[in-house]
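First up is the structure itself, then whatever we jot down about it.
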Amino acid sequence: MPAPQRKHRRGGFSHRCLPTPQTAMTPQAAGPPDGGWGWVVAAAAFAVNGLSYGLLRSLGLAFPDLAEHFDRSAQDTAWISALALAVQQAASPVGSALSTRWGARPVVMVGGVLASLGFVFSAFARSLLHLYLGLGLLAGSGWALVFAPALGTLSRYFSRRRVLAVGLALTGNGASSLLLAPALQLLLDTFGWRGALLLLGAITLHLTPCGALLLPLALPGDPPAPPRSPLAALGLGLFTRRAFSIFALGTALVGGGYFVPYVHLAPHALERGLGGYGAALVVAVAAVGDAGARLVCGWLADQGWVPLPRLLAVFGALTGLGLWVVGLVPVVGGEESWGGPLLAAAVAYGLSAGSYAPLVFGVLPGLVGIGGVVQATGLVMMLMSLGGLLGPPLSGFLRDETGDFTTSFLVSGSLILSGSFIYIGLPKALPSCGPASPPATPPPERGELLPAPQAVLVSPGGPRSTLDTTC
């Protein structure tokens, strides 16, 4: 009898501690630790963001060389980044579903290998088709497996300081652009575009050790078992929630213009009369503003002074206006000029875009609950892929038709403004007409923004919660 009893206890322990691969052999915590190993996860997500979006933002510096080598137009070369963005974001729900089933660590590690192979393959390209397949399909597929699982895992580690942690991770975009923009220009001048892509493949492989740092964490509200059907694993049921559907529609529109500067800010600077390093400086200062604003806005959002949906709508609108300013900057004196007006416009755009970025992901736990944040992140990335696929090629087409990027940036800014207007339909995006007392903070597995009688947006900041108004 003793042996079977020990076997029964072992089996019971396995059943309780292995509800999902995401929480394998991990005791269930009372709530997000709000620190500890979470800061290591934040550092890993920082590197993941830098080696995906940051690298993609700087890649536009190589497009003039590619267009000249293959004798193709700006619209043709823009499809490289457009496909990479579209594949990365359209396949992000797949990365989220695989992470839900197998855990974030192996998924991110495999994604790092795929992204690196995409750059190595592209270094030997003989036509633009090879670049579409290598950078667009292969590298984009690898990036799809790394971003949503890493950011979703990070959101699970924080509650009170969640937006700040997300903002810190998302500064990897700006920091990477700041370093990679001049470095890539130097690589292009020294080794040509083939050697530059080969070295970028080696750098991208560092995504693999970043994935190894994403330790699983079990939290209240997690499903007792992994989803059985593919549709459930993808989290498509989240679209039945009105607030998430509004958020998804607005984010899809914003995506139509948000990624155009990633591809065409450097070529726009070149056409405004700056040299290669002057264009790299424009990208770099936009990255600095972007990175600093993500941290400041993350701290501001965590104070609970203003509801997150309201901040999301405001900074989204400022991003659209910033792109208008970038497009309307006049031609500078020549290649020796530093392009002061364009630099100032790039800083303004970077500050607004950086403030918007952490809010997009910071508001998700309040809309869907902490248990659905990984799936929601993947779905949002998929919706942004619609804009990411159409935005840069449309920008390139408008440039070819009009002779410069002015119209491209004006149209992109208009799309972002349209999406920001949609955000007004989110709970607490607009003030109401009378004072109200804040209710108790809802449990994190439920979601702070889900409908409740006389509900207000409660910030993770606890006693500094947002005081809003209601009728």
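The values are calculated or read from the model by the stated rules, or taken from the named source; none is laboratory data. Given the structure is predicted, the values throughout are model-derived calculations rather than measurements. Heads up, the Cβs are rebuilt from the backbone with ideal geometry, glycines too, and the neighbour counts pull from every protein chain shown. Each accessible area value is taken on the protein alone, full model and side chains, heavy atoms only, with ligands, DNA and RNA left out. Shrake-Rupley method; radii C 1.70, N 1.55, O 1.52, S 1.80 Å.
The accessible-area ordering, largest first, of the residues 77, 402 stands as 402, 77, per a 1.4 angstrom probe. Under a 5 Å amide H cut-off, with hydrogens placed 1.01 Å from N, residue 218 pairs with 29 among residues at least 5 apart or on other chains.
Modelled label positions at residue 402 and residue 240, each set 7 Å beyond Cα in the direction of Cβ, lie 4.4 nm from each other. For segment 116-159 versus segment 219-266, the inter-centroid distance based on Cα atoms is 18 Å. The accessible surface of segment 252-335, taken with every protein chain in place and a 1.4 Å probe, is 79 percent carbon and sulfur. Farthest toward the positive end of the dipole of segment 38-186, out of 182, 141, 66, is the Cα of 141, where the dipole comes from beta carbon charges about the Cα centre.
Please list 208, 251 in order of solvent-accessible area, largest first, computed with a 1.4 Å probe with all protein chains present.
On the way: 208 30, 251 0 Å².
Solvent-accessible surface, decreasing: 208, 251.
Between the C-alpha center of segment 407-422 and that of segment 169-196 there is a gap of 28 Å. One decimal place: the segment residue 69-residue 328 gains 90.2 nm when fully extended, by the rule 0.36 nm per residue minus the C-alpha distance.
In the context of the full protein assembly, residue 206 retains an accessible surface of approximately 110 Å², using a probe radius of 1.4 Å and ignoring ligands and nucleic acids. Taking the charge dipole of segment 183-285 about its Cα centre, with +1 at Lys and Arg Cβ atoms and -1 at Asp and Glu Cβ atoms, the residue from 231, 247, 278 reaching farthest to the positive side is 231.
Find out how many positive minus negative residues lie around residue 35, taking Lys and Arg as positive, Asp and Glu as negative, among other residues whose Cβ is under 12 Å from that of residue 35. Summing Lys/Arg as +1 and Asp/Glu as -1 gives +2. Charge tally around residue 406: other residues with Cβ under 14 Å, Lys/Arg +1 each, Asp/Glu -1 each, net -2. FRET efficiency for the pair residue 306 and residue 249, taken as 1/(1 + (r/R0)^6) with r the Cβ-Cβ distance and R0 = 35 Å, rounds to 0.95.
Leaving ligands and nucleic acids out of the surface, order 236, 200 by accessible area at 1.4 Å, largest first. Intermediate values should be presented prior to the final figure.
Values: 236 70, 200 5 Å².
Reading off the accessible areas and sorting them downward yields 236, 200.
Each Cα pair under 8 Å and six or more residues apart adds its sequence gap; the mean of these over the residue count of segment 249-331 is a relative contact order of 28 percent.
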